[in-house]
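The structure appears below as structure tokens.
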Amino acid sequence: MAPTEDSTDESGTATDLQSFAVQLRRMNGELNRVVHAFAAGQNLHATDVQALSAILDADEPMTPGRLRTHLGLTSGAVTACLDRLERAGHIRRSRESQDRRVVHLHYENSARSAARAFFQPLAVATESARALFDTEELTVVMRFLTALNEELSDVRRPPSP
């Protein structure tokens, strides 16, 4: 049964679209606060941290072109971002394929350690929240987050004129 405008579950928790929107905005705000603090501590822009996440989470070696598409930036902006990340020691560029024109982006192990140390409280908070749910519930949560991320990845606004 699809949730109605004022849906609640058996515990009285609101499950309507508005309630989801509020909680997702709140989570986004909290995550942005943490990301901005990390960026400031590393002398980076928040977009640089998004780039680092994309490089780290990529299923295959990330390239500047794929990163540009993922972030919705211009080629020049991606180059500037990668220059900052490379200077700060967070990434390295390599030409490892048969086609020497192809550049792969790699997250440096030393940067991984710095990020891991900074984001440890986030990992602890996530584990505390996970501990409140059983495996079946977590499976549903993961299905929801995966589906939402897939839907969101398809939402692209055309650039403003």
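The values are calculated or read from the model by the stated rules, or taken from the named source; none is laboratory data. The shown structure was predicted, so the numbers you read here are calculated from the model rather than taken from an experiment. Neighbour counts run over all protein chains shown; Cβ positions are idealised from the backbone, glycine included.
What to note about this one:
- Residue tally, condition part of a loop (DSSP other than H, G, I, E, B) and touching a Ser or Thr at 6+ places or on another chain (Cβ under 8 Å), over segment 74-109: 3
- Given (1) touching a strand residue (DSSP E or B) at 6+ places or on another chain (Cβ under 8 Å); (2) more than 29 Å from Val155 (Cβ to Cβ); (3) of a type in the set (Val, Ile, Thr), number of the condition Val124 does not satisfy: (1)
- Of the residues making up segment 13-38, those that are surrounded by 10 or more Cβ atoms within 10 Å (Cβ to Cβ) and polar (S, T, N, Q) are Thr15, Gln18, Ser19, Gln23, Asn28, Asn32.
- Within segment 2-25, residues that are within 15 Å of Val141 (Cβ to Cβ) reach no partner that is part of a helix (DSSP H, G or I) and at pLDDT 90 or above with beta carbons closer than 7 Å at six or more positions or on different chains.
- Tallying residues that are of a type in the set (A, V, I, L, M) and more than 14 Å from the chain's Cα centre (by Cα) within segment 40-54 yields 2.
- Figure legend. Inter-residue proximity from segment 104-116: first residues in contact (Cβ under 8 Å) with a residue 24 or more places away in the chain, second residues in a helix (DSSP H, G or I), beta-carbon distance below 6 Å, spacing 6+ or different chains. Indicated pairs: Leu105/Ile55; Tyr107/Ile55; Tyr107/Leu56.
- Which numbered condition Leu85 misses (of (1) aliphatic (A, V, I, L, M); (2) free of Cβ contacts under 8 Å to residues at least 24 places away in the same chain; (3) under 19 Å from Arg116 (Cβ atoms)): (2)
- Any hit, segment 110-124, residues being assigned to a helix (DSSP H, G or I) and more than 27 Å from Met27 (Cα to Cα): yes
- Considering Gln120, Gln98, the condition of being modelled with pLDDT of 90 or more and either surrounded by fewer than 11 Cβ atoms within 10 Å (Cβ to Cβ) or acidic (Asp, Glu) (or both) is satisfied by Gln120 alone.
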